[in-house]
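Participant: Before anything else, here's the structure in question.
Read-outs: derived from the displayed coordinates by stated rules, not from any lab. Please read all numbers here as calculations on a predicted model, not as lab measurements. FYI the Cβ positions are ideal-geometry reconstructions off the backbone, even for glycines, and counts take in every protein chain you see.
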Amino acid sequence: MRITNAMLMRNMMQNINTNLGRLEKLQRQMATGKKIQVPSDDPIIAARALKLRTDVSEIEQFKRNVDDALSWLETTETAIANLGDIIQRARELTVQASNGTLSEEERLSIKAEISQLKNSLIEIGNTAYAGRYIFAGFSTDKPPFEVDSSNPALGDKLIYNGKLLNPNGPILADVDDAVIQAYYESAVGNTAGQPELCMANFNKFTTGATPMEFSITLDGITQTISLDPFTTYSFEPLAAGETDIISALQSKIDAAFPPVTKTFSSTGDVIMVSPIKVSRDGNRIKFTVQEGNSIRLNDVTDGTLQTLGFADGAESSTNRKQEIIYQIGVGNNIKINVEGYEIFGKGLQGLFDTFNKLEWALDGKTEYKTISVDASGNIEVITNSLDISALIGDLDADFERLLKVRADVGARTNFVEMTANRLVDSLVNFTELMSKNEDVDMAEVIMKLTTEENVYRASLAAGARLIQPTLLDFLS
Amino acid sequence: MKTSFFGLEVAVRGLYTSRRQLDITGHNITNVNTPGYSRQVGIQQASTPLSIPTGAGMLGTGSDVIGISRIRDEFLDFKFWSENDDYGEWETKATLMAELEAIFDEPSDSGMNKVFDDFYSALQELSKDPSNESIRALVKQTGIAVARYFNSIANNLNKVRSDCNNAIKIKVEEVNSYARQIRDLNEQIYKAELNGNVANDLRDERTELVNKLSKIIDIEVTEVIVNNQGKEEKRFQVVAGGSFLVNHFDSYELEVYQNEEGMYDIRWTSSKNQFIPKSGEIKGYLDVRDGTGSKGEYTGVPYYINKMNEFARTFAKAFNEGIMKDGTKLYTGHAGGVGLDGTEGIRFFTYDGKSSEEFMADGYDAYDKITAFNISISADINDDPRKIAAALPNGEAGNNENIRELLNTRRDNRMFAEGAPEDFMKALVAALGIDSQYAKKLSSNQNTIINQIENRRLSVSGVSIDEEVANLVKFQHSYNAAAKMVSVMDEIYEITIHRLGVGGR
């Protein structure tokens, strides 16, 4: 092959360029510390890098979640421990009070301390962590526990999240049965744990000629509810010509799902219990059903439910727990909260009820009443005897319940701590994987760089020798 | 009878011949760096001899340079032209794909990962404290960042499209300019060669123009010999896309016009027939500008825009409604949750900043209107982050049930056919990487082929200084020798004229 000068130049330039290109790539790798700059350098590394970055960032987030979960659980644990101390102290006092005869002074001072402890129960029940009430279920913005003393005859009633925690709990024995009946009627539909539906805000509206209808399914039975035409529905206070939406809905629903009649045996009265109770919660309409039931709302004519502030297909679940759950791993969720009723007890015998009874017993009361529903649905008021030494057993039962919750919280704390350790390991592993995937091996790059530098120098030197001489140089 | 000055005559011819050869050598040397130049050689021949009447044979009369020809292997030119268009196409694509890679900017700490990580991190924080309004504001801001990410990618991709479009117009003008220049050269070469000469330098110039043209579009070049009124003449033709671009003394122009999309298409100015290039730089630009990746089309910018549209649309639908790509509803979605203010039915993502109500006026069909260009967070969320639906009914302040569901969308393999959002992006980036790698590889392969042909061309036609200097020396010597010849003849005439017959005086 004939070799010409232009060819030499061209080839030399091309080779120097290629060498320089490799050198540049290595230099860039060294400067950035990354194997690839753009996906086309190595699409597989690029794709893997994307996934690994997500993994690493997620683990970092999970670590933050674990820290927050631990703080919450620790606050819970402290609160429960404090409650335990209160119960223990109350037990000591009860034992003291039940042993031998007490002077009037001693009895009064014990009673004062018990009342003090009773207040502390509420205080601890309203423990907040970072401004959020930890025992309030989802309603973290409001203190969950308050004491309703509005009816002194009935004694203090514990309210949990705005509702009676134990409507069937102990009532002072000297209360008139008629008062108890009235209390019972008000407690229906106002008991903690009853399923309810409460949706968006309601605004005043006027119906047209076309019927506005929706249907309610209660335990498998569906009924259509029609709103009256040409009526302005509003909340109270009503302006002239307006209809109260709450009472209107209640009467229409009662017509569709007839109220159950129950005989109050002590007075002989018959009381009506609506299966669905309509009430107002701020600017919202609320449907409450009895525990164990659930309702579902469906639009019959489009938009009726929306006007009322409900979603089509909204459903109240039967026993929905208000569990606050944090994500601390992929598919790894941890419930971090304890709902107030778990430690205070729901039903006949609660922690607060024990303290009520303690106070009464120390007051010298020997009897208390409870409400009971028999098999045929009739309501009876039962009178029970009150003995201070028997209350030790009640306190032990309360403590037992508390211990169970505490053990559960402890177990959860352990699990979260274990997860925290695992997350640290995972973070190390994934960071290492990410580094292996996309970071360069510096030693290797430096070696390669040095080699390439030499190659580049050699190609330049060769080029310089190549270009210089022509025949002219040797002609004189 | 031999003339008296015959010897001098022969010597002078030697001088002329050497001078001519030296001129040619000089021309070669000065053009050693001229692109496209073919070295020239003088065709040297012994001049017509005289026959000696006595039958003693033929007497040589010296030498002549009867022509100057250029050394060119035209086969290599044709080969070059047939490969150069592919090189042009893939070089263009490689450059543009690298631009797309820069737009996606993956893997980096500012790409899709970062945006989505921030968004989901904010949601995680909100799941831990749903009533915290400053975290709600953070979710809103990171949500805006997600929408902006789509907007910016889409707009940048569109910019590449319009850049391609402008490039096409410029390249078409270049083609026209080359076609005109080739036509002009055809005329000059024709006229110069009427008397049978070869217009070496003009031909080199024309070859160089065709070299350049062959990179922009795919062309077929022929030089046909036609019989024109009993005389043979060469006609140079360039055919592009089945029509003449240059035919001897005529050149035909291409022009661009806007198609229904507002993009340039190319047609012949005279016939208005559409011109569709098969390869070359213009084809590269067209493919990247228009390639949707379906039906055998190149995976150009529209493919990536469509993918980003699909991403934005599907993600918005999954996040808002809990509806996956295949239409199954797996989650309550943002719309099914309850905001801190008790509102429901709020869509987190809409387009053009529409409120949920305006957006849902069309029902689920509204999602077909979401593109990567217009995706935004809804006016409701933008105006009041309390409307972020962290809760399920009944919407208590601490209820985080819906946010937890929304968090699951991040890892849900059912969201796209490709899997979770990360997987979708992963697949897209890998595809882009592979496409770009392929374009680079093809471009460099084609470059190697071109280089090899160019080397062979240079091997045949390039000027070798060594060779030319050797020629220089050679012809200098022959010149010197011829000059010596003159001086010898001079001496002979000296003797003949001045010394002969002096004895009689």
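Participant: Could you name the lysines whose alpha carbon sits less than 19 Å from that of residue A:111, not counting residues in the same chain fewer than 8 places away?
Facilitator: A:157, A:357, A:365
Participant: Over all alpha-carbon pairs of region A:123-227, lay out the pair-distance distribution in 5 Å bins, whole %, shortest bin first.
Facilitator: 2, 9, 14, 14, 13, 13, 12, 11, 7, 3, 1, 0
Participant: Still on this structure, I have one more. Please list, in order along region A:137-151, the HN-Hα scalar couplings obtained from phi with the Karplus expression 6.51 cos²θ - 1.76 cosθ + 1.60 (θ = phi - 60°), rounded to whole Hz, x for Gly and Pro.
Facilitator: x, 7, 7, 5, 8, 10, x, x, 9, 8, 9, 9, 10, 5, 10
Participant: Moving on. Taking chain A as the region of interest, what is the percent of Cα-Cα pairs per 10 angstrom bin, listed from the shortest bin to the one with the maximum distance?
Facilitator: Going out from 0 Å in 10 Å bins, chain A shows 4, 14, 17, 16, 14, 10, 7, 6, 5, 4, 3, 2, 1, 0, 0 percent.
Participant: A further question follows. Between residue A:400 and residue A:67, what length comes free when the chain is fully extended (0.36 nm per residue of separation minus the Cα-Cα distance, one decimal in nm)?
Facilitator: Length gained, residue A:400 through residue A:67: 117.0 nm.
Participant: Here is a further query. Give the peptides A:80-86, B:305-311 in descending order of average Cβ contacts within 10 Å, highest first.
Facilitator: B:305-311, A:80-86
Participant: Moving on to the next point. To one decimal place, what orientation-averaged projected area in nm² is obtained for the convex hull of the Cα set of region B:107-202?
Facilitator: Working: hull surface 39.5 nm².
For region B:107-202, averaging the hull's shadow over all directions gives 9.9 nm².
Participant: Evaluate peptide A:139-146: per residue, the Cβ atoms of other protein chains within 10 Å of its Cβ; return the mean as an integer.
Facilitator: 3
Participant: Stick to Cα atoms and the Kirkwood definition of Rh, then tell me Rg/Rh for region B:212-253.
Facilitator: Ratio value, two decimals: 1.06.
Participant: Would you mind ranking A:205, B:416 so that the residue whose beta carbon has the fewest other beta carbons within 10 Å leads the list?
Facilitator: With the fewest neighbours first, A:205, B:416 line up as A:205, B:416.
Participant: Would you mind giving the three semi-axes, in whole Å and largest first, of the ellipsoid equivalent to the protein assembly as shown according to its Cα gyration tensor?
Facilitator: Output for the protein assembly as shown: semi-axes of 102, 34, 15 Å.
Participant: Could you put B:268, A:72 in order, starting from the residue whose Cβ has the fewest other Cβ atoms within 10 Å?
Facilitator: The fewest-first ordering by Cβ neighbours comes to B:268, A:72.
Participant: Calculate the spin-label point distance for residue B:448 paired with residue B:61, positioning each point 7 Å from the Cα along the beta-carbon direction, and give it in nanometres.
Facilitator: 5.8 nm
Participant: As an exercise, take the mean of 1/r over every pair of distinct alpha carbons in region A:196-308, invert it, and state the Kirkwood radius in angstroms.
Facilitator: 15.1 Å
Participant: What is the magnitude of the charge dipole of region A:196-308 about its Cα centre, with +1 placed on the Cβ of each Lys and Arg, -1 on the Cβ of each Asp and Glu, and no other charges, expressed in debye to the nearest 20?
Facilitator: 120 debye
Participant: Calculated from DSSP H runs of 4 or more alone, at -39500 (n - 2.57) each and per residue, what is the 222 nm mean residue ellipticity of the protein assembly as shown, nearest 500?
Facilitator: Numbers: 23 runs with 498 residues, N = 981.
After summing the helix terms and dividing by the residues of the protein assembly as shown, the value is -17500 deg cm²/dmol.
Participant: Can you give me the long-range amide H partners of residue A:243? Hydrogens built in the peptide plane at 1.01 Å from N, cutoff under 5 Å, separation of 5 or more residues or another chain.
Facilitator: Sorted by chain and number, the residues that satisfy this are A:232, A:233, A:234.
Participant: Separate question: Tell me, what is the percent relative contact order of chain A, built from C-alpha pairs under 8 Å that lie six or more residues apart?
Facilitator: Working: 683 pairs, mean separation 109.8, N = 476.
Here the relative contact order equals 23 percent.
Participant: Determine how many Å³ per residue the convex hull of the Cα atoms of chain B encloses.
Facilitator: So the per-residue Cα hull volume is 196 Å³.
Participant: Of B:325/B:441; A:321/B:140; A:335/A:404; A:321/B:114; B:295/B:426; A:63/B:140, which ones are farther than 26 Å apart at the Cα? Working shown, then result.
Facilitator: Numbers: B:325/B:441 35 Å; A:321/B:140 29 Å; A:335/A:404 16 Å; A:321/B:114 35 Å; B:295/B:426 23 Å; A:63/B:140 23 Å.
Correct reply: B:325/B:441; A:321/B:140; A:321/B:114.
Participant: If we count other beta carbons within 10 Å of each Cβ, what is the order of B:207, A:431, fewest first?
Facilitator: Going from sparsest to densest Cβ surroundings: A:431, B:207.
Participant: Residue by residue through region B:422-438, what is 3J(HN,Hα) from phi via Karplus (6.51 cos²θ - 1.76 cosθ + 1.60, θ = phi - 60°)? Round to whole Hz and write x for glycine and proline.
Facilitator: My calculation for region B:422-438 gives 4, 5, 4, 5, 4, 4, 5, 5, 4, 4, 5, x, 5, 4, 5, 4, 4 Hz in order.
Participant: Okay, moving on. Please list, in chain and number order, the residues 5+ apart from residue A:324 or on another chain whose amide H is under 5 Å from its amide H, with Hs placed from the backbone.
Facilitator: Correct list: A:336, A:337.
Participant: Here's another thing I want to ask about it. Could you go through region B:254-271 in sequence order and give the Karplus-derived ³J(HN,Hα) for each residue, using 6.51 cos²θ - 1.76 cosθ + 1.60 with θ = phi - 60°, rounded to whole Hz, and x for Gly and Pro?
Facilitator: 9, 9, 9, 9, 8, 7, 4, 7, x, 9, 7, 10, 10, 8, 6, 4, 6, 8
Participant: Here's something else I'd like to know. Using amide H atoms built 1.01 Å from N in the peptide plane, name the residues 5+ places from residue B:244, or on other chains, whose amide H lies under 5 Å from its own.
Facilitator: none
Participant: Below 9 angstrom from the Cβ of residue B:302, what's the summed charge of the other residues (Lys, Arg +1; Asp, Glu -1)?
Facilitator: Taking every other residue near residue B:302 into account, the sum is 0.
Participant: Under 20 Å between alpha carbons: how many lysine pairs meet that in region A:193-291, if sequence neighbours fewer than 8 apart on the same chain are excluded?
Facilitator: For region A:193-291, the number of qualifying lysine pairs is 6.
Participant: Can you run the Rg to Rh ratio on region B:263-324? Use alpha carbon positions and the Kirkwood inverse-distance Rh.
Facilitator: Using Cα coordinates only, the ratio equals 1.24.
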